[in-house]
Amino acid sequence: MSKHDDADLILKLYDLRREATMREARNWLFGFNPTSVQDIIDVLLSEHSGHYRMVISYWDMAAALVNNGAIDEKLFNETNGEHLFVYSKIAPLIPEIRTLFGNPEFLSNLETLVKRVPDYEEKITAMRERMKQFAAMREERTAKVQAAATATSAS
């Protein structure tokens with residue numbers, strides 16, 4: 001396959017990410033920080049089940065295209081980073097999810113691709129730290145908004 005064909009497939013994947021429902025799902029996943037398999041079960045039983053499944057399956061599919069040679073891996077990794085972000089959120093829970101749901105291949109394409117990224121462990125650790133910082137900033141912002149609303153209603 002030519003680099004032009006690889007680029008075309010990457011751009012098609014990008015277009016899929018821009019679709020309204022997928023964008024909504026990706027935005028939701030940004031704030032979803034599971035710490036246990038129960039968090040996954042809870043989301044699967046919620047109105048966000050589709051969001052979770054859409055993003056997770058999208059990145060596993062994209063990884064499968066790379067792993068099977070449909071897209072050049074180096075080019076894919078140089079033009080994407082979100083697959084690392086998604087993996088960083090769910091990686092600690094993957095073994096337990098595989099066992100619980102009897103699906104030993106769950107996210108195996110994504111996992112395989114990510115583990116071939118040079119220094120992936122350091123990159124994943126850095127992403128998790130940034131996610132913690134964003135969560136703290138969201139909590140601080142929420143607290144400020146609530147304090148302002150309380151102050152306004154008390155006046």
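The values are calculated or read from the model by the stated rules, or taken from the named source; none is laboratory data. This one's a predicted model, so the numbers in the text were calculated from it and none came from an experiment. Don't worry about glycine lacking a Cβ; one is built from the backbone with ideal geometry, like all the others, and counts go over all protein chains shown. Note: areas computed on protein heavy atoms with side chains; ligands, DNA, RNA excluded. Shrake-Rupley method; radii C 1.70, N 1.55, O 1.52, S 1.80 Å.
Points worth noting:
- Only listed residue being of a type outside the set (Asp, Glu), modelled with pLDDT of 95 or more and either farther than 23 Å from Ser57 by Cα or open to solvent by 60 Å² or more (accessible area, probe 1.4 Å) (or both), chosen from Arg141, Arg116: Arg116
- Applying a threshold of 9 Å to beta carbon distances and a minimum spacing of six or more residues, or different chains, the list of pairs starting in segment 76-95 at a residue that is free of Cβ contacts under 8 Å to residues at least 40 places away in the same chain and more than 12 Å from Ile56 (Cα to Cα) and ending at one that is of a type outside the set (S, T, N, Q) and not in a helix (DSSP H, G or I) reads Pro92/Pro34.
- Condition met for Glu24 (part of a helix (DSSP H, G or I) and more than 20 Å from Glu105 (Cα to Cα)): yes
- Residue within segment 1-19 that is aromatic (Phe, Trp, Tyr), open to solvent by less than 20 Å² (accessible area, probe 1.4 Å) and either under 15 Å from the mean Cα position of the chain (by Cα) or modelled with pLDDT of 95 or more (or both) present: no
- Selection of segment 58-83 for residues being assigned to a helix (DSSP H, G or I) and open to solvent by less than 20 Å² (accessible area, probe 1.4 Å) yields Tyr58, Trp59, Ala62, Ala63, Val66, Phe76, His83.
- Entry remark, segment 93-113: residues being of a type in the set (D, E, K, R) and either open to solvent by 90 Å² or more (accessible area, probe 1.4 Å) or part of a loop (DSSP other than H, G, I, E, B) (or both) number 2 in total.
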